[in-house]
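Okay, so here's the structure we're looking at.
Read-outs: derived from the displayed coordinates by stated rules, not from any lab. These numbers come from a predicted model, not from an experiment. Don't worry about glycine lacking a Cβ; one is built from the backbone with ideal geometry, like all the others, and counts go over all protein chains shown.
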Amino acid sequence: MTQTIYILNGPNLNLLGKRQPEIYGRETLADVERLCREVLADGTDLRMMQSNWEGQIVDWIHEAREAAAGIVINPGALTHTSVAVLDALNAFERPVIEVHISNVHKRESFRHHSYVSLRADGVIAGLGIEGYVAAVRRLCTLLG
Ligand code: DQA
């Protein structure tokens with residue numbers, strides 16, 4: 001049976017590769033998906049999703065309760081604002097890895113707090129898009 005990893009991306013990450021490349025780099029979400037697929041364990045698949053809408057992210061986390069073995073999430077700015085995303089993740093009973101492309105701790109102080117970190121089993125920041133790859137590897141290890 002195939003296990004599916006959800007890779008959820010929040011607001012503005014559709015512009016990855018185009019917005020502030022000095023911070024987020026020139027690679028796109030399609031590049032992220034390609035790199036992540038290269039490290040998937042046998043019997044594991046992934047779904048790459050992105051929305052600019054908080055409610056859509058919450059709905060996908062609810063869907064993941066039935067459909068996903070683990071979640072990699074880069075919530076974008078929702079990281080720092082969304083109790084709704086935290087609550088949804090608290091209702092998800094399998095592993096969650098939080099990813100930030102940039103090192104949020106080196107940036108503005110409002111980026112230093114993450115609601116999602118209160119739930120995440122692992123947190124990766126500042127590795128560029130390699131952070132997603134590390135997160136997928138970690139989930140594959142945890143999922144055995
Ligand atoms: C981000 C960091 C957030 O502070 C920011 O709002 C983003 C992207 C990152 O990947 O570095 O949109 O999550």
**Request:** Kindly check whether there is at least one residue in the stretch 61-79 that is touching a Gly at 6+ places or on another chain (Cβ under 9 Å) and away from the ligand (no atom under 16 Å from the Cβ).
**Result:** yes
**Prompt:** So which residues in the stretch 1-25 are closer than 22 Å to HIS80 by Cβ and of a type in the set (A, V, I, L, M), if there are any at all?
**Reply:** ILE7, LEU8, LEU13, LEU15, LEU16, ILE23
**Asked** Any idea which residue in the stretch 38-65 is farthest from MET1 (Cα to Cα), counting only those that are in a strand (DSSP E or B) and among the hydrophobic types (A, V, I, L, M, F, W, C)?
**Response** MET49
**Request:** Determine which member of the set ARG111, ARG26, ARG94 is under 25 Å from CYS140 (Cβ atoms) and out of contact with any Cys (no Cβ under 7 Å at 6 or more places or on another chain).
**Result:** ARG94
**Complete:** ASP31 vs (1) over 24 Å from VAL116 (Cα atoms); (2) surrounded by 17 or more Cβ atoms within 10 Å (Cβ to Cβ): all pass except (2)
**Message:** When you check ASP59 against the structure, is it surrounded by fewer than 17 Cβ atoms within 10 Å (Cβ to Cβ), free of Cβ contacts under 8 Å to residues at least 40 places away in the same chain, of a type outside the set (Val, Ile, Thr) and under 25 Å from LEU143 (Cβ atoms), yes or no?
**Reply:** yes
**Request:** Name every residue in the stretch 1-37 that is touching a residue at least 12 places away in the same chain (Cβ under 8 Å) and either acidic (Asp, Glu) or part of a strand (DSSP E or B) (or both), in order of residue number.
**Result:** GLN3, THR4, ILE5, TYR6, ILE7, LEU8, ASN9, GLU27, ASP31, GLU33
**Request:** Take the residues in the stretch 95-106 that are surrounded by fewer than 23 Cβ atoms within 10 Å (Cβ to Cβ) and touching a residue at least 40 places away in the same chain (Cβ under 8 Å), then tell me which one is nearest to GLY55 (Cα to Cα).
**Result:** PRO95
**Item:** Test set (1) within 15 Å of the ligand (Cβ to nearest atom); (2) crowded, with 22+ Cβ neighbours inside 10 Å; (3) under 12 Å from GLY10 (Cβ atoms) - TYR132 fails condition number
**Value:** (3)
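So that you can scan it fast, the table gives a plain yes or no per residue for (1) of a type in the set (A, V, I, L, M); (2) over 15 Å from VAL72 (Cα atoms):
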{"site": "PRO95", "(1), (2)": "no, no"}
{"site": "VAL99", "(1), (2)": "yes, no"}
{"site": "ARG107", "(1), (2)": "no, yes"}
{"site": "ARG111", "(1), (2)": "no, yes"}
{"site": "GLY122", "(1), (2)": "no, no"}
{"site": "ILE129", "(1), (2)": "yes, no"}
{"site": "CYS140", "(1), (2)": "no, no"}
{"site": "GLY144", "(1), (2)": "no, yes"}
